[in-house]
Amino acid sequence: MRKPTRLIVGIMLTAALLAAVFPTAVLAQEDNLEFVVSPNMLALNSNGGSVSLHADINYSLVEGTSLTVDGEDFPIAYTFADDRGDLVVKCNIDTLKSVIPEGAAEAVFALTVETASGVLSGTDTIGVASPNGK
């Protein structure tokens, strides 16, 4: 190989390596996990079911999860990958209703996800409708 060709190949390999490593480095430095709680309105007089948290992180990267609701540890029923491969966290809705204080207008969910690259966390808030409609 001629010297200019080796230089170009070397630069291209270095660029490819940086491109492969850079997203992981950003993930390790980010402390922002975007997720959405569904349903976005909790009716305290509803019958059974579950609450889902849909997170914007590939399920294969997840090594551990933890959840708080209004600052208190909350049990996760199970986790799985959605059709896009992203993390879904399921919780029992009756358990959730039992920890919401009477008269609360909202509930704040804080999800923490551990990966090999670091810990990510985020929050989402849903509304709460009490049995008397307030």
Please list, ordered by first then second residue, the pairs with beta carbon atoms under 8 Å, 6 or more apart or interchain, first in the range 58-79 and loosely packed, with under 12 Cβ neighbours inside 10 Å, second assigned to a loop (DSSP other than H, G, I, E, B). SER60/GLY85; GLU63/ALA116
Only unsatisfied item for MET1, checking (1) modelled with pLDDT of 90 or more; (2) assigned to a loop (DSSP other than H, G, I, E, B), is (1)
Suppose we keep only residues that are within 15 Å of THR68 (Cβ to Cβ) and out of contact with any Gly (no Cβ under 8 Å at 6 or more places or on another chain) within the range 113-134. Which one would you say is most open to solvent (accessible area, probe 1.4 Å)? THR123
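I'd like the full set of residues that are in a strand (DSSP E or B) and either over 14 Å from PHE109 (Cβ atoms) or open to solvent by 60 Å² or more (accessible area, probe 1.4 Å) (or both), limited to the range 45-57.
HIS54, ASP56, ILE57
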SER98: passes all of (1) more than 25 Å from ALA116 (Cα to Cα); (2) modelled with pLDDT of 85 or more; (3) in a loop (DSSP other than H, G, I, E, B) but (3)
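The values are calculated or read from the model by the stated rules, or taken from the named source; none is laboratory data. These numbers were taken from a predicted model, which means no experiment stands behind them. Ideal geometry is used to build each Cβ from the backbone, glycine not excepted, and the neighbour counts take in all protein chains shown. To get the accessible areas, we keep the full protein, side chains included, count just its heavy atoms, and leave off ligands, DNA and RNA. Shrake-Rupley method; radii C 1.70, N 1.55, O 1.52, S 1.80 Å.
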